[in-house]
1. What pairs can you find where one residue is in segment 1-14 and over 23 Å from residue 43 (Cβ atoms), the other is of a type in the set (S, T, N, Q) and at pLDDT 85 or above, and their Cβ atoms are less than 9 Å apart, with a gap of 6+ or different chains?
2. Within segment 8-19, how many residues are of a type in the set (Phe, Trp, Tyr) and open to solvent by less than 90 Å² (accessible area, probe 1.4 Å)?
3. Find the residue count for segment 20-53, including only residues that are surrounded by fewer than 10 Cβ atoms within 10 Å (Cβ to Cβ), part of a strand (DSSP E or B) and either of a type in the set (D, E, K, R) or touching a Phe, Trp or Tyr at 6+ places or on another chain (Cβ under 8 Å) (or both).
4. On the given criteria, is residue 54 modelled with pLDDT of 85 or more and in contact with an Asp or Glu (Cβ under 9 Å, 6 or more places away or on another chain)?
5. Against the definition (open to solvent by 100 Å² or more (accessible area, probe 1.4 Å), out of contact with any Asp or Glu (no Cβ under 6 Å at 6 or more places or on another chain) and outside any strand (DSSP E or B)), how does residue 5 come out, yes or no?
6. When both residues are 6+ apart or on different chains and their Cβ atoms are under 7 Å apart, which pairs have a first residue that lies in segment 41-62 and is free of Cβ contacts under 8 Å to residues at least 60 places away in the same chain, and a second that is of a type in the set (Ser, Thr, Tyr)?
Amino acid sequence: MDESEGRKLEKRFKELGLWGKQESTVYKVGGNLALGIKKSLAESLGLTKGAFVRIFPQISEKRFIVEVS
């Protein structure tokens, strides 16, 4: 990939709202916590209600990675 292709991809990701960090809200649902994910991000990842994901906590970094199956 050359520099111009990289800029085109970056521009497209920004248009879709997929570039950089995104803020979200944590909700309480029954006895669990749920994380709100923007619709544009969910659609881009193919994430739908009831989808199975894997969560990899990184406690020392205070973050986690979500893998969509």
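1. none
2. 1
3. Summing the residues that are surrounded by fewer than 10 Cβ atoms within 10 Å (Cβ to Cβ), part of a strand (DSSP E or B) and either of a type in the set (D, E, K, R) or touching a Phe, Trp or Tyr at 6+ places or on another chain (Cβ under 8 Å) (or both) in segment 20-53 gives 2.
4. Here the answer is yes, as residue 54 does meet what is asked.
5. Numbers: open to solvent by 100 Å² or more (accessible area, probe 1.4 Å): no; out of contact with any Asp or Glu (no Cβ under 6 Å at 6 or more places or on another chain): yes; outside any strand (DSSP E or B): yes.
Taking the combined requirement at face value, the residue does not satisfy it.
6. Qualifying pairs under 7 Å: 52/69; 53/69; 54/69.
The values are calculated or read from the model by the stated rules, or taken from the named source; none is laboratory data. Source: prediction; values computed, not measured. FYI the Cβ positions are ideal-geometry reconstructions off the backbone, even for glycines, and counts take in every protein chain you see. Calculation scope for accessible area: heavy atoms of the full protein, side chains included, ligands and nucleic acids excluded. Shrake-Rupley method; radii C 1.70, N 1.55, O 1.52, S 1.80 Å.
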